Amino acid sequence: MSQKKDFGPSTIFKDMTKKGMILSFTANREYSLAKDRYTATLYDDFFATSIAVRDRLVERWISTQQRYHNENRKRVYYFSMEFLIGRLLGNNLMNLGLWEATNDALKDVGLELGQIRDCEADAGLGNAGLGRLAACYLDSMATLGIPAHGYGIRYEYGIFNQKIINGAQVEFPDEWLSRGNPWEFQRPEYAVKVHFYGRAYIDKDDDGSLRAHWADTDDVVAMPYDMPISGYKNDVVNTLRLWSAKSSEEFDLSYFNDGDYERAVYDKVLTENISKVLYPNDNLSQGRELRLKQEYFFTAASLADIVRRFKMENKDLREIPKKVAIQLNDTHPAIAIPELMRILVDAERLDWDTAWDITVNTFAYTNHTVMPEAIETWPVPMMEKILPRHLQIIYEINYRFLKEVAISFPGDNDRLRRMSIIEESDIKRVRMGNLSVIGSHSVNGVSALHSQLLKSNLFKDFYEFTPEKFTNVTNGITQRRWLMKANVKQSDLITDVIGDGWATDLNKLELLLPCRDDASFRKKWSAVKDGNKKELASYIKKVSGISIDHNSLFDIQVKRIHEYKRQLLFAFYILSQYLKLKSDPKADILPRTFILSGKAAPGYYMAKLIIRFVSAVAEVVNKDRAIGDRLKVVFLENYRVSLAERIFPASELSEQISTAGTEASGTGCMKFMVNGAVTIGTMDGANIEIAKAVGKENIFTFGLKSDEIQALRSNGYNPREYIERSSALSDVFRLIQANFLSPVDFGLFEPLIRSLLNGDYFFVCADFDAYCEKQNEVSRAYLDRDRWIKRSITNAAKSGYFSSDRAVEEYAGDIWGVPVKRAK
Ligand code: F58
């Protein structure tokens with residue numbers, strides 16, 4: 001074959017001016033979409049704009065990847081079942097510095113960038129914090145120039161769309177790909193075969209040595225789709241590679257030949273189900289067979305891809321840990337540990353100890369929860385059926401590991417039982433948490449408290465055995481999406497005063513601190529917030545019909561609906577305020593608008609009932625003419641990244657009220673903070689670190705601490721005592737029990753009441769009075785406008801630590817061995 005010639009990089013997409021964008025836009029509309037200005041829909045215009053932007057990413061993408069290859073750089077691989085990305089157009093425009101040129105170009109052709117951006121479907125390939133964290137980290141890794149690749153699943157249906165119908169959540173499928181995705185490239189040349197089922201056996205090789213085999217498997221093709229991940233104004237473009245399942249044969253020919261055409265097609269469809277849909281649970285492991293298949297599907301494909309790339313650039317497999325770091329985003333990809341062992345031992349013929357050394361030094365594991373029901377375990381029979389060879393490998397890992405533990409703790413059989421990868425229940429189970437700790441060189445929690453709890457509770461035995469593995473990396477969020485893009489007004493004000501260095505070094509926001517004493521700055525700061533509140537108010541009016549007073553305090557709780565996050569505590573407080581006004585219509589209360597948003601897992605009965613409860617509270621409060629604008633309750637449906645971007649800029653009070661010891665970190669709290677909201681919260685997760693950063697006069701903390709919760713739980717907690725003691729809480733209970741909120745649906749909320757009376761697992765009753773007292777303090781504090789604005793500025797100014805750039809730098813230096821040198 002003749003040598004391919006290099007004509008140098010193409011220049012047509014280099015033009016970053018308005019003129020260049022107009023040319024690209026019209027060319028794309030014509031040649032990629034075969035449309036003109038008469039026939040193009042708004043969606044076509046969005047597509048044409050996106051391709052014009054994408055063209056400018058592609059050059060940078062190719063040269064970034066070429067550079068990594070030429071320099072044989074150590075790569076970081078972020079393995080995650082979830083990437084909750086949201087929209088990309090605005091983000092890419094911002095990162096490329098193309099915003100203005102595109103805005104102007106579109107104006108010239110009679111279009112409006114805002115409208116165009118609103119056409120984009122959110123890439124909702126995740127549930128909640130864990131998935132959004134992965135997306136923030138991709139952003140930071142690219143911005144820091146780290147040679148990183150995200151690996152995950154290209155779900156055909158992302159997180160469901162939520163509608164609130166008659167006060168209740170109804171789920172609708174998220175067909176995010178139905179109109180095409182301008183940001184992805186299919187890469188059939190890198191497709192990989194992934195095996196399932198079959199049988200594992202050992203026989204002798206030609207040279208007489210023993211060799212394990214996995215045969216008679218059912219195979220699925222993993223088809224990669226690449227998405228470019230741009231860094232902020234640094235010409236770096238990394239890759240997010242998402243796998244889609246394709247049947248390995250077009251049709252099963254045996255059925256086909258037997259004339260059973262339908263069956264042949266049916267089997268093909270079944271195979272392709274693997275990447276069909278994201279499991280919609282947060283903090284719950286359901287243990288479904290299809291989920292295990294998803295986990296293995298994407299980790300096996302990703303490892304094959306990584307080994308292929310490694311071999312292109314290196315010779316000696318023992319060098320893998322020098323060139324490859326794999327971060328496991330929770331245990332979901334932990335089956336990668338035995339899979340890498342299988343590759344190294346069975347396929348590459350390394351001895352066990354060498355392979356194990358490579359494996360442990362390659363993997364690192366992040367834990368995101370201590371909630372027992374979220375810790376993954378798989379029934380041994382299920383694993384044996386789907387991944388027979390992996391089960392053997394897991395047994396071998398376990399056997400060797402427990403032998404070592406036994407040497408350190410002779411005779412301590414209880415400890416061995418607890419540390420075993422295999423749980424000896426009726427039906428034995430594989431504990432993915434234990435496997436992750438054993439197979440990784442680093443284990444981290446996501447906030448200081450959470451990492452401490454891992455060491456003292458969940459992984460106590462492991463901490464005692466290998467303390468050096470345990471570390472903390474407090475979560476972070478990207479200021480580029482959550483401040484620069486979401487809150488343009490506040491960003492511009494900040495940049496006017498301190499310059500734009502904060503975009504890549506959020507600590508620079510501290511330069512705002514002296515501005516607290518500048519009355520004219522405070523006025524501007526306050527005006528920005530007011531403007532944002534008005535915008536949100538008109539959005540709320542548009543989507544829900546509810547009018548709200550934009551002068552009221554915007555008091556907001558947005559996150560997944562879960563008992564431990566205690567939306568119920570918030571709702572009870574709202575009811576108590578309502579009751580106060582009902583008993584004394586002239587009561588001097590601070591006008592507030594309570595805004596809630598969040599999805600409930602479709603199978604989580606209590607969470608769905610909480611949504612109905614909040615809707616019922618909203619119905620009563622909003623319709624009560626005597627209350628007027630003093631209290632309003634809004635439940636915004638379909639919480640997602642793009643909606644979150646509208647909410648945070650308008651926020652004033654951030655509700656972070658989980659039971660202490662349950663929220664591993666929380667990242668919403670950080671998005672509020674950077675947008676100048678003040679937190680009311682428990683001493684849980686990252687709240688503790690926020691409190692430390694801003695000082696106690698700039699945050700409202702309340703409630704039982706984590707150790708107090710533990711003590712109360714073990715000494716016996718009786719919620720009824722707390723209800724009796726609190727007249728406000730008793731009133732709330734009476735109101736609900738009298739069916740005031742469910743006049744046509746008697747007893748609807750009985751299960752909520754019963755769960756609180758009979759145990760109140762998340763200590764709603766125990767914390768209620770302290771919470772109300774703190775809320776009163778907030779109300780008083782809000783009236784002192786100057787002081788409040790200073791608090792708001794302080795929160796934003798002190799949010800530097802909570803940038804995902806800081807978090808990623810910690811991972812890079814302490815865990816991945818790719819330290820980042822940044823000009824400070
Ligand atoms: C969240 N976990 C934590 N899990 O709850 C939150 O405190 C933390 O800030 C965040 O991770 C990032 O570290 C979470 O979002 C899930 O959604 C899993 C999805 C798959 C099933 C198990 C839960």
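Expressed as a fraction of 2.2 N^0.38 Å, the value expected for a compact globular protein of N residues, the C-alpha radius of gyration of the range 540-666 is 1.04. All C-alpha to C-alpha distances of the chain, sorted into 10 Å bins beginning at zero, yield P(r) values of 2, 12, 22, 25, 20, 12, 5, 1, 0, 0 percent in whole numbers. Annotation: amide H-H contacts under 5 Å for Gly666 (H modelled 1.01 Å from N, sequence separation of 5 or more, or interchain): Ala686. Ranked by the mean number of other Cβ atoms within 10 Å of their residues, highest first, the peptides 772-778, 794-800 come out as 794-800, 772-778.
Rg over Rh for the range 176-234 works out to 1.27, both radii taken from alpha-carbon positions and Rh defined as the Kirkwood radius.
Over the range 496-605, the fraction of Cα-Cα pairs per 5 Å bin, rounded to whole percents and listed from the shortest bin up, is 2, 9, 12, 14, 15, 16, 14, 10, 5, 2, 0. The convex hull built on the alpha-carbon positions of the range 1-110 has an orientation-averaged projected area of 10.3 nm². Peptide packing for 340-346, 617-623, 21-27, 122-128 was compared via the average number of neighbouring C-beta atoms within 10 Å per residue; ordered from the highest value, the list is 122-128, 340-346, 21-27, 617-623.
Report, in deg cm²/dmol and to the nearest 500, the calculated mean residue ellipticity at 222 nm for the chain, where each DSSP H run with n ≥ 4 adds -39500 (n - 2.57) and the sum is divided by the residue count.
Values: 32 runs with 365 residues, N = 824.
Roughly -13500 deg cm²/dmol at 222 nm, from the helical runs in the chain.
Between amide H atoms placed 1.01 Å from N, distances below 5 Å from Phe409 occur with no residue 5 or more places distant or on a separate chain. Across the range 549-555, computed HN-Hα scalar couplings (Karplus, 6.51 cos²θ - 1.76 cosθ + 1.60, θ = phi - 60°) run 8, 6, 8, 6, 6, 8, 10 Hz from first to last residue, x flagging Gly and Pro.
Could you tell me the convex hull volume per residue, in Å³, taken over the Cα atoms of the range 254-389? Please list the in-between numbers first.
Numbers: hull volume 20.8 nm³, N = 136.
Normalising the Cα hull of the range 254-389 by residue number yields 153 Å³.
Counted over all Cα-Cα pairs of the range 218-324, pairs farther apart than 24 Å make up 48 percent. In this structure, the amide hydrogen of Tyr157, modeled 1.01 Å from its nitrogen in the peptide plane, lies closer than 5 angstrom to those of Val277, Leu278, counting only residues at least 5 positions away or on a different chain. Cross-link pairs exceeding 30 Å in C-alpha to C-alpha distance, out of Lys14/Lys523; Lys35/Lys107; Lys268/Lys311, comprise Lys14/Lys523; Lys268/Lys311.
If packing is taken as the average count of other Cβ atoms within 10 Å, what order do 647-658, 411-422 fall into, highest mean first?
Details: 647-658: 26.2, 411-422: 15.7.
My ranking of the peptides, most packed first, is 647-658, 411-422.
Principal axis analysis of the Cα atoms in the range 447-556 yields extents of 56, 38, 24 Å, listed in decreasing size.
In the structure shown, the pairs Lys632/Lys696; Lys559/Lys632; Lys293/Lys671; Lys293/Lys403; Lys163/Lys798 are assessed against 26 Å; a Cα-Cα span above that value is assigned to Lys632/Lys696; Lys293/Lys671; Lys293/Lys403; Lys163/Lys798. Taking the empirical scaling 2.2 N^0.38 Å for compact globular proteins as reference, the range 758-824 has a Cα radius of gyration ratio of 1.85.
Laboratory data are not the source of any read-out in this text; all were calculated from the coordinates shown. Just so it is clear, the structure is predicted and the values come from calculations on it, not from any experiment. When we count neighbours, we look across all protein chains shown, and the Cβ atoms used for this are built from the backbone with ideal geometry, even at glycine.
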